[in-house]
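Here's the structure, in structure tokens; my notes come after.
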């Protein structure tokens, strides 16, 4: 069963949504044990929400049964200490099946990935989200919007699906975000910066709160410090903290963002919390130069020797 409802969930969504890695063993099968220390570090540091089956979780690299296994494992690790969001997506039938499994596993809300289908219609996306809402049987929904190409009318319609309580805005378009927020202000949704720490300040400037983070797998204390600075309206402090972690994000952005999860998982290996390799088409392993740069960064952060 879910543990967080209503105002408690809504308040948590204003915080950091930490996107958990999916650990694999040497045979490329999901390995539950390495996830526990990742979860425990994040919760101890003060991360408000954890997310299974997000992009840092390699959601699109998982088979349907593995995505179901991943949300169950995440729920077992979290144990109701913070809200757990379960990523939902791919074909409408897979999405609805995963919604039902996630609800049974104890997820507190469903994060609906924007469909990557090349033939997406605005009304089709609305039907897609409505079907998932039905499958979730009243479980709250958080929309994950990676672009606004469906248009503001469609985005407003999505936001008015009764089960929707929040939106993770993952497009570098804060002014469009501001328009979407104005059009749906009566719904009092949680609007979350979906492009991690680096983009949090401009999203905060237009009224969004909180942000998604893959860094929390490695150094959750830094993410929380950035969040606290933004909440305190200490822009200079937030930018200083972001500048210090920027090399990590720049490494993740290399090779057309193909090293995004690779850097996180390699950092975990270097820290002694091996969560395995990433799956193709992600880049694996890092090049020698990338590994050296990452190792030097982690040494500077005193996360490894």
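The values are calculated or read from the model by the stated rules, or taken from the named source; none is laboratory data. Predicted model, so just to flag it, every value in this text is computed and none were measured. No Cβ is skipped: glycine too gets one built from the backbone with ideal geometry, and neighbour counts run over all protein chains shown.
Worth a mention:
- Sole residue being under 22 Å from residue 133 (Cβ atoms) and in contact with a helix residue (DSSP H, G or I) (Cβ under 6 Å, 6 or more places away or on another chain), chosen from 71, 47, 21, 39: 71
- Single residue of 240, 291, 254 found to be farther than 30 Å from residue 202 by Cα and over 18 Å from the mean Cα position of the chain (by Cα): 291
- From the options 246, 294, 215, residue that is crowded, with 16+ Cβ neighbours inside 10 Å, in contact with a helix residue (DSSP H, G or I) (Cβ under 8 Å, 6 or more places away or on another chain) and more than 22 Å from residue 85 (Cβ to Cβ): 294
- Of all residues in the stretch 224-234, at least one satisfies being more than 20 Å from residue 174 (Cβ to Cβ), in contact with a helix residue (DSSP H, G or I) (Cβ under 6 Å, 6 or more places away or on another chain) and modelled with pLDDT of 95 or more.
- Test set (1) farther than 30 Å from residue 152 by Cα; (2) surrounded by 15 or more Cβ atoms within 10 Å (Cβ to Cβ); (3) out of contact with any strand residue (DSSP E or B) (no Cβ under 6 Å at 6 or more places or on another chain) - residue 80 fails condition number: (2)
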